[in-house]
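Some notes on the structure that comes next.
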Amino acid sequence: MSFSPWLTAPFHFLVPDSPTTLFTTSALLYAALCGILLLVSVGLIYWLRDPEETDLASSLLATGAVWVGLAWAALPAVDALWVSATLDPTTGLKYPWATPDFLAQWQGGLRVAHGSFLGTVVVLALVAIPLVYFFYEENDLETSLGGRIGNAAKYTGLIVTIALVLFGTGLLIQNRSTGEDGDGKGGANNN
């Protein structure tokens, strides 16, 4: 199945002739998308903020957190672009350069990107955002800067501890609703 030239002509740069072209094209498109998402994040935080209770650190952190979440959510589009761009639109077959080893390398790169985004989200959600929140909650006239930082770190440590206990408990408790065979009966020896 071939598309008419007037449809594909404006998008000729999306048809890769080599893996380098595909990587460059997808990287440029993802960078442009991330730039747009950064502008959306800045606009969203500016719109949602309270002008009387806003400071630079919390605004930057909130903007960064929203941007990381949106950029991570947009990453599957890159995966879809890579998978679909390995097919020749005229024949429907994979390009000769789209070998299983090459695709496995790219999938490994995407796993690293997803893991990096996940790690960033965890650090933002469990450490950075609570630390900044508790720092500004401790805004007493009687508390020194060191006291504010210490109290914020103490409460942030408590949040991290609770999250680790919940995560560890979830890993240690066996799911009783499904057995090893996944039949929902609790195991093979269950009558």
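The values are calculated or read from the model by the stated rules, or taken from the named source; none is laboratory data. Because the structure is a prediction, the values reported are computed rather than measured. Methodologically, a virtual Cβ is constructed for each residue, glycine included, from the backbone with ideal geometry; neighbour enumeration extends over all protein chains shown.
Considering only residues that are over 17 Å from the mean Cα position of the chain (by Cα) and touching a residue at least 60 places away in the same chain (Cβ under 8 Å), look in segment 36-75 and name the one that is surrounded by the fewest Cβ atoms within 10 Å (Cβ to Cβ).
A57
Looking at (1) more than 17 Å from Y30 (Cβ to Cβ); (2) polar (S, T, N, Q); (3) exposed (fewer than 12 other Cβ atoms within 10 Å of the Cβ), which is the one condition that is false for N151?
(3)
Being without any contact (Cβ under 8 Å) to a residue 40 or more places away in the chain and either touching a helix residue (DSSP H, G or I) at 6+ places or on another chain (Cβ under 7 Å) or among the acidic types (D, E) (or both) is the filter here, so list the residues in segment 116-134 that pass it.
L126, V127, P130, L131, F134
Looking at the structure I just gave you, is S84 of a type in the set (G, A, S) and over 25 Å from L124 (Cβ atoms)? Walk me through it before giving the result.
Details: of a type in the set (G, A, S): yes; over 25 Å from L124 (Cβ atoms): yes.
For S84, the condition - of a type in the set (G, A, S) and over 25 Å from L124 (Cβ atoms) - is met.
Output the residues belonging to segment 128-175 that are of a type in the set (G, A, S) and not in a loop (DSSP other than H, G, I, E, B).
A128, G146, G147, G150, A152, A153, G157, A163, G168, G170
Just to be sure before I move on: is V83 in contact with a Leu (Cβ under 9 Å, 6 or more places away or on another chain), part of a helix (DSSP H, G or I), among the β-branched types (V, I, T) and exposed (fewer than 14 other Cβ atoms within 10 Å of the Cβ) in the structure I sent? Talk me through it step by step, then tell me what you get.
Details: in contact with a Leu (Cβ under 9 Å, 6 or more places away or on another chain): yes; part of a helix (DSSP H, G or I): yes; among the β-branched types (V, I, T): yes; exposed (fewer than 14 other Cβ atoms within 10 Å of the Cβ): yes.
For V83, the condition - in contact with a Leu (Cβ under 9 Å, 6 or more places away or on another chain), part of a helix (DSSP H, G or I), among the β-branched types (V, I, T) and exposed (fewer than 14 other Cβ atoms within 10 Å of the Cβ) - is met.
Quick check on this structure: which one of L131, L158, L103, L145 is within 27 Å of the chain's Cα centre (by Cα), at pLDDT below 85 and over 21 Å from C34 (Cβ atoms)?
Just one listed residue meets the conditions, L103.
What pairs can you find where one residue is in segment 87-115 and on the phi < 0 side of the Ramachandran plot, the other is acidic (D, E) and not in a helix (DSSP H, G or I), and their Cβ atoms are less than 6 Å apart, with a gap of 6+ or different chains?
Taking only residues 6 or more apart or on different chains, the pairs are Y95/D88.
Test V122 against the criterion of being within 14 Å of the chain's Cα centre (by Cα), surrounded by fewer than 16 Cβ atoms within 10 Å (Cβ to Cβ) and either over 27 Å from T24 (Cα atoms) or aromatic (F, W, Y) (or both), and give yes or no.
Yes; evaluated as a whole, the condition is true for this residue.
Scan E138, E180 and give me the residue that is touching a helix residue (DSSP H, G or I) at 6+ places or on another chain (Cβ under 6 Å), at pLDDT below 85 and over 30 Å from P19 (Cβ atoms).
Details: E180 fails: touching a helix residue (DSSP H, G or I) at 6+ places or on another chain (Cβ under 6 Å).
Going through E138, E180 in turn, just one is touching a helix residue (DSSP H, G or I) at 6+ places or on another chain (Cβ under 6 Å), at pLDDT below 85 and over 30 Å from P19 (Cβ atoms): E138.
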